[in-house]
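The values are calculated or read from the model by the stated rules, or taken from the named source; none is laboratory data. If you're wondering where the values come from, they're calculated on a predicted model, not measured in any experiment. Because the Cβ atoms are built from the backbone with ideal geometry, glycine has one as well, and the counts that use them run over all protein chains shown.
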Amino acid sequence: MADLSTVYMGLQLRNPLIVASCSLSKNLDGIRRIEESGAGAIVLKSLFEEQIQKEMVDDIEQYIGPSWHSEAYDYVNKMGMELGPREYLTLIEESKKSVGIPIIASLNCVSTGWWKDYAKQIESAGADGLELNIALLPHNVKKSSEDIENIYYKVLERINEIIRIPVAVKIGPYFTSLTQFASELNKRGAAALVLFNRFYQFDINIEKRTIVGANHLSTSGEMSLPLRWISLLFGQVECDLSATTGIHNSESVIKLVFAGAQSVQLCSVLYKKGVEYVGTILNETEKWLDKHDIQSLDQIRGTLSQAESTSPELYERLQYIKALVGIE
C-alpha cells in the first residue's frame with residue numbers, strides 16, 4: 001500500500017489533501033466532518049482584515065474611506081456577526097482540542113497596518129500555521145508592479161517578525177515576473193506558496209443593469225494554470241508549493257505531484273459532491289499508485305517538472321507547440 005504522507009510547511013500530514021479556506025471550515029461541526037473525510041489538513045475560512053478593524057475600533061466610520069463601497073461595509077458587518085475575530089480565535093482553540101490534523105488559520109489582508117498583531121493571537125490560540133490570502137487588484141494607474149509586490153513583501157515580513165508558526169502566502173497568477181516574485185517571497189520567509197487564488201469574477205445583468213457574481217465554483221479545466229506554474233517553480237524556490245483551483249479528482253492530484261506540488265487544496269468539488277468526496281479522491285489516488293508500484297509520493301514528486309527536463313531551455317516552447325498541433 002502506497003504511503004500518502006507528506007510534509008507541508010514543516011507540518012506532518014497523513015496525505016496531501018487539504019480542504020481550502022471556505023465556509024466548509026467555518027465551524028466545529030464542519031471541521032470534524034473534514035477530518036472524518038480523511039483530509040490531511042484544514043485551512044479555516046478566511047478572516048478579513050476589515051473584520052479585525054471593525055472589532056478593534058469603537059467607531060468603524062473613521063476607517064471608511066474612498067475604497068469602501070457601501071455594499072462592502074454591509075458585507076463586512078454581516079461577516080463580523082457570523083464569525084468575528086474573537087469567535088475565530090475560539091474556533092482555533094476548539095478545533096485543536098477536537099481534531100488531530102493540522103489547523104491552518106487564514107487571514108485575508110490588503111495592507112501592512114496594525115492588524116498584524118492579531119496574527120500573534122492566532123498563534124497563541126494554537127494554529128499550526130497561517131495562510132496569508134493577499135488579494136490586491138492593481139487598478140490604480142499610479143501604482144507600478146513594484147509598488148504592488150512590495151506590499152506583499154511587507155505584509156509577509158511583518159507577520160514573520162512576530163510569529164514563529166509557518167506562514168504560507170496565497171497569491172494570484174497576475175504578476176509581471178511570477179518566478180522572480182515567488183523567489184522573493186521565498187527569501188522573505190514564506191514556508192509555502194499557494195497557487196493560485198481564484199478571484200471571484202463579476203458579470204453584468206443587462207436587464208436589471210446591475211453587477212452580479214459569476215463563476216462561483218471552479219471547473220477541472222482551471223487546474224492547468226497551477227499545474228504549469230508549479231512545474232516551472234519546482235526546483236527554483238526552496239519553499240513548498242501547494243496547488244489550488246480546479247482540483248476535482250485523483251488524476252489532478254497525481255498530475256500536480258508529478259509537477260512538484262507538496263500538497264493540493266480542495267474546495268469547489270466538495271461543494272458539488274460533499275466533503276466525503278475527499279475519501280473517494282484518496283482511495284483512487286492510492287489505487288493508482290499501487291497499480292504502478294509506486295511506494296510513496298516522494299518517489300514521483302517533481303519528476304515531470306521543468307527542473308527534471310533534459311532540455312529545460314525548451315520546456316515552455318515545446319509545450320506551446322504541442323498545444324497548437326495536438327501532439328501528446
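Say we look at region 125-160 and pick out the residues that are among the hydroxyl-bearing types (Ser, Thr, Tyr) and touching a residue at least 24 places away in the same chain (Cβ under 8 Å); which of these is surrounded by the most Cβ atoms within 10 Å (Cβ to Cβ)? Among them, the one singled out is TYR152.
The set of residues in region 294-307 being surrounded by 13 or more Cβ atoms within 10 Å (Cβ to Cβ) and either under 24 Å from the mean Cα position of the chain (by Cα) or not in a helix (DSSP H, G or I) (or both) consists of ILE294, SER296, LEU297, ASP298, ILE300, ARG301, GLY302, THR303, LEU304, SER305, GLN306, ALA307. ALA2: in contact (Cβ under 8 Å) with a residue 12 or more places away in the chain, touching a Leu at 6+ places or on another chain (Cβ under 7 Å) and crowded, with 23+ Cβ neighbours inside 10 Å, yes or no? No: the conditions fail for ALA2. Only one of the numbered conditions (1) over 16 Å from LEU4 (Cβ atoms); (2) touching an Asp or Glu at 6+ places or on another chain (Cβ under 8 Å); (3) surrounded by fewer than 16 Cβ atoms within 10 Å (Cβ to Cβ); (4) modelled with pLDDT of 95 or more is not met by LYS273, and that is (2).
Yes/no per residue for (1) modelled with pLDDT under 95; (2) of a type in the set (A, V, I, L, M, F, W, C); (3) more than 23 Å from LEU4 (Cα to Cα):
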| site | (1), (2), (3) |
| --- | --- |
| GLN236 | yes, no, yes |
| SER242 | no, no, no |
| GLY246 | yes, no, no |
| SER252 | no, no, no |
| LEU256 | no, yes, no |
| ALA261 | no, yes, no |
| GLN265 | no, no, no |
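Residues in region 223-250 that are under 13 Å from the mean Cα position of the chain (by Cα) and not hydroxyl-bearing (Ser, Thr, Tyr) were compared, and the one that is surrounded by the most Cβ atoms within 10 Å (Cβ to Cβ) is ALA243.
Residues of region 193-215 that are touching a residue at least 40 places away in the same chain (Cβ under 8 Å) and either surrounded by fewer than 12 Cβ atoms within 10 Å (Cβ to Cβ) or out of contact with any helix residue (DSSP H, G or I) (no Cβ under 8 Å at 6 or more places or on another chain) (or both): VAL194, ASN197, PHE199. THR310 satisfies every condition listed in (1) at pLDDT 95 or above; (2) over 16 Å from LEU256 (Cβ atoms); (3) outside any helix (DSSP H, G or I) except (1).
Every listed requirement among (1) modelled with pLDDT of 90 or more; (2) touching a strand residue (DSSP E or B) at 6+ places or on another chain (Cβ under 7 Å); (3) polar (S, T, N, Q) is met by ASN197 save one, (1). Do the conditions hold for ILE159, that is, is it more than 19 Å from VAL43 (Cβ to Cβ) and not basic (Lys, Arg)? In short, no. The residues of region 161-177 that are in a helix (DSSP H, G or I) and either without any contact (Cβ under 8 Å) to a residue 12 or more places away in the chain or crowded, with 18+ Cβ neighbours inside 10 Å (or both) amount to a single one, GLU161.
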